[in-house]
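So the structure is just underneath, and the comments pick up after that.
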Amino acid sequence: MEKVNKVFIATSLDGYIADLDGKIDFLDTFPEINQIDSGYHSFLEKIDAILMGRKTFETVCGFGIDWPYKKPVFVISNTLSEIPEKYKGKVELANGTLPEIMALLQRKGFGRLYIDGGKTIQSFLQADFIDELVVTVVPILLGKGIPLFGPLESSLTFECKKTTLFLEKIVQNHFVRVRTQH
Ligand SMILES: NC(=O)c1ccc[n+]([C@@H]2O[C@H](COP(=O)([O-])OP(=O)(O)OC[C@H]3O[C@@H](n4cnc5c(N)ncnc54)[C@H](OP(=O)(O)O)[C@@H]3O)[C@@H](O)[C@H]2O)c1
């Protein structure tokens, strides 16, 4: 089984994934991006399951649309005791430490994980559990908001394997973690 943890996320130029209220309106700065293929669907085809933070789950629930994911979704939370009735069968709670959660998902046959949500990605990065990061940068300075990255105990090096410029406005970088053998 391939075991890989991947991120596919959009940030502002100053590295925020949402404003301070959790709104992601900045993603529509250049709405024409929604008309083109920015690689999201082919990314989704290559993952087995999605592991998202509780706040990202709540954001998706608030979209007021049909459940958008075809792949199994797991929500990481220390405060949710159960998944709301409406989402049962689509979403499962994932409790425990990150290694415990990854082991649980692997036992279910899910080795290639899409990790979503700022705090969640940060906790995976703190444990050096992220292997690939696809970051799409919308060139707007928000000045404040929810950051993609946070403090780390030690630095993590990535190689940029691919860069794509969309509409001469939006850049997408595909980073792969480099782990040197000692
Ligand atoms: N720009 C984009 O592409 C993009 C993508 C995704 C999300 N977003 C936005 O990002 C915002 C959410 O990000 P966020 O950083 O606020 O939160 P988040 O990562 O979605 O959720 C944080 C919550 O997840 C749980 N969690 C995370 N790591 C955990 C760990 N290691 N162990 C246990 N629980 C853990 C905790 O839930 P409990 O508090 O319940 O314990 C924590 O409060 C939303 O506004 C969403 O719209 C933007």
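Annotations
- Residue in region 156-167 that is part of a loop (DSSP other than H, G, I, E, B), surrounded by fewer than 16 Cβ atoms within 10 Å (Cβ to Cβ), within 15 Å of the ligand (Cβ to nearest atom) and modelled with pLDDT of 95 or more present: no
- Selection within region 71-94 - more than 8 Å from the ligand (Cβ to nearest atom), over 15 Å from the mean Cα position of the chain (by Cα) and surrounded by 10 or more Cβ atoms within 10 Å (Cβ to Cβ): ILE83, PRO84, LYS86, TYR87, LYS88, LYS90, VAL91, GLU92, LEU93, ALA94
- Residue satisfying all of: in region 3-42; over 20 Å from LEU142 (Cα atoms) and part of a loop (DSSP other than H, G, I, E, B); nearest to the ligand (Cβ to nearest atom) among these: SER38
- Annotation note: Cβ proximity below 8 Å between a residue of region 108-130 that is without any contact (Cβ under 8 Å) to a residue 60 or more places away in the chain and closer than 14 Å to VAL75 by Cα and a residue that is more than 10 Å from the ligand (Cβ to nearest atom) and assigned to a helix (DSSP H, G or I) (sequence gap 6+ or interchain) occurs for no pair.
- Filtered residues of region 44-61 (kept if away from the ligand (no atom under 13 Å from the Cβ) and among the small types (Gly, Ala, Ser)): ALA49
- Identity of the residue in region 104-125, touching a helix residue (DSSP H, G or I) at 6+ places or on another chain (Cβ under 6 Å) and assigned to a strand (DSSP E or B), that ends up farthest from the ligand (Cβ to nearest atom): ILE115
Every residue, every condition in (1) surrounded by 11 or more Cβ atoms within 10 Å (Cβ to Cβ); (2) without any contact (Cβ under 8 Å) to a residue 60 or more places away in the chain; (3) out of contact with any Asp or Glu (no Cβ under 7 Å at 6 or more places or on another chain), yes or no:
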{"residue": "ASP14", "(1), (2), (3)": "yes, no, yes"}
{"residue": "PRO31", "(1), (2), (3)": "no, yes, yes"}
{"residue": "GLN35", "(1), (2), (3)": "no, yes, yes"}
{"residue": "LYS46", "(1), (2), (3)": "yes, no, yes"}
{"residue": "ALA49", "(1), (2), (3)": "yes, no, yes"}
{"residue": "LYS55", "(1), (2), (3)": "yes, no, yes"}
{"residue": "GLU58", "(1), (2), (3)": "yes, yes, yes"}
{"residue": "PHE63", "(1), (2), (3)": "no, yes, yes"}
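The values are calculated or read from the model by the stated rules, or taken from the named source; none is laboratory data. Source: prediction; values computed, not measured. Don't worry about glycine lacking a Cβ; one is built from the backbone with ideal geometry, like all the others, and counts go over all protein chains shown.
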